[in-house]
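To start, the structure under review is shown below, and the notes come after it.
The values are calculated or read from the model by the stated rules, or taken from the named source; none is laboratory data. Keep in mind it's a predicted model, so treat the numbers as computed, not measured. Cβ coordinates were reconstructed from backbone atoms using ideal geometry, including for glycine residues, and neighbour counts include every protein chain displayed. Just so you know, the surface numbers come from the protein's heavy atoms only, side chains and all, with ligands and any DNA or RNA stripped out. Shrake-Rupley method; radii C 1.70, N 1.55, O 1.52, S 1.80 Å.
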Amino acid sequence: MSSRSNNTVVIVGSGPGIGTNTAAVFASRKFNKVALIARNPIQLEKDAATVASAGNGNVTVKTYSTDILDSAKFVATLNQIDQDLGNPEVVLFNAALVMESRHLEVTDEELLRDFKVSTVALSNLSKWAIPQLVALAEKDATAQPTVIVTNSHLPETPQTNYVSLSVSKAAQKNFTRSLRLQFEPKGVHIGILSVAGYVLETSKQLNPKNIAEQAWNLYSQPKGSWTEDIRIEEP
């Protein structure tokens, strides 16, 4: 784990919380190339500066402002990452829209929007990343091809004021588990970070830095000891 990787870590859903902190941890410890994807170009530039600083000048950071709800644009962005930075070794899917919705009031559009974010975009990401990760596993025994999906407690304990988000997170967890069943035998570690509550800087466990550390721990697990899910919650 001491040598630095010329493969890329890709963060889908960058931002000042989990996304940037995770990218910073991976840049500081191993990865020379980082791709940050989010909608807000101004925030992306701030995120890139944080990650570059964590890498102590050893890291190339590229930002990509795109809306993952637009599948064509999202796929084009992923293909651009191939051209700019080469093959991924780690992909973190951290995209979500946290908006309240309630039974008898939730609209078709809200349900479809959240499903597109949680699962359709993840499907598009997997179509791009998984073949490359499988190929990496086959050619480089020292690599650790990994997909990490940030999920939550909502699939098991849905909240009535977050109906659409609860449903979409359940679909996302199921999709991720099915990916794991198919592709872990081919050498790709596919894991879930279950963030069981609100992320706050002041929380003991549910703070962005600790969650980023747990992402690193998931990536670092040796083959043969891979776990599907790391749950993060307050004591």
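Key figures for this structure:
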item: Failed condition for Y198, given (1) aromatic (F, W, Y); (2) surrounded by fewer than 19 Cβ atoms within 10 Å (Cβ to Cβ); (3) within 30 Å of S3 (Cα to Cα); result: (3)
item: Condition met for K204 (closer than 21 Å to P16 by Cα, free of Cβ contacts under 8 Å to residues at least 60 places away in the same chain and open to solvent by 30 Å² or more (accessible area, probe 1.4 Å)); result: yes
item: From the options L154, L136, residue that is among the hydrophobic types (A, V, I, L, M, F, W, C), in contact (Cβ under 8 Å) with a residue 12 or more places away in the chain and out of contact with any Asp or Glu (no Cβ under 9 Å at 6 or more places or on another chain); result: L154
item: Enumeration of residues in region 207-232 that are outside any helix (DSSP H, G or I) and either free of Cβ contacts under 8 Å to residues at least 24 places away in the same chain or open to solvent by 10 Å² or more (accessible area, probe 1.4 Å) (or both); result: N207, Q221, P222, K223, G224, S225, W226, T227, E228, D229, I230, R231
item: Residue list for region 139-174, restricted to those being open to solvent by 30 Å² or more (accessible area, probe 1.4 Å) and either hydroxyl-bearing (S, T, Y) or touching a Leu at 6+ places or on another chain (Cβ under 6 Å) (or both); result: T142, T157, T160
item: Scan of region 173-200 for residues that are assigned to a helix (DSSP H, G or I), under 18 Å from E156 (Cβ atoms) and aromatic (F, W, Y), ordered by number; result: F175
item: Residue identified as more than 28 Å from S5 (Cβ to Cβ), at pLDDT 95 or above and in contact with a strand residue (DSSP E or B) (Cβ under 8 Å, 6 or more places away or on another chain) among L154, L136, L125, L92; result: L154
item: Candidate set from region 161-183 (those that are of a type in the set (V, I, T) and within 15 Å of L111 (Cβ to Cβ)); member that is farthest from the chain's Cα centre (by Cα); result: V163
item: Boolean, N58 is loosely packed, with under 15 Cβ neighbours inside 10 Å, at pLDDT below 95 and over 16 Å from the mean Cα position of the chain (by Cα); result: yes
item: Single unsatisfied condition, V120 versus (1) in contact with a helix residue (DSSP H, G or I) (Cβ under 9 Å, 6 or more places away or on another chain); (2) more than 21 Å from G19 (Cα to Cα); (3) β-branched (V, I, T); result: (2)
item: Residue in region 92-130 that is nearest to V9 (Cα to Cα), counting only those that are assigned to a helix (DSSP H, G or I) and among the hydroxyl-bearing types (S, T, Y); result: S126
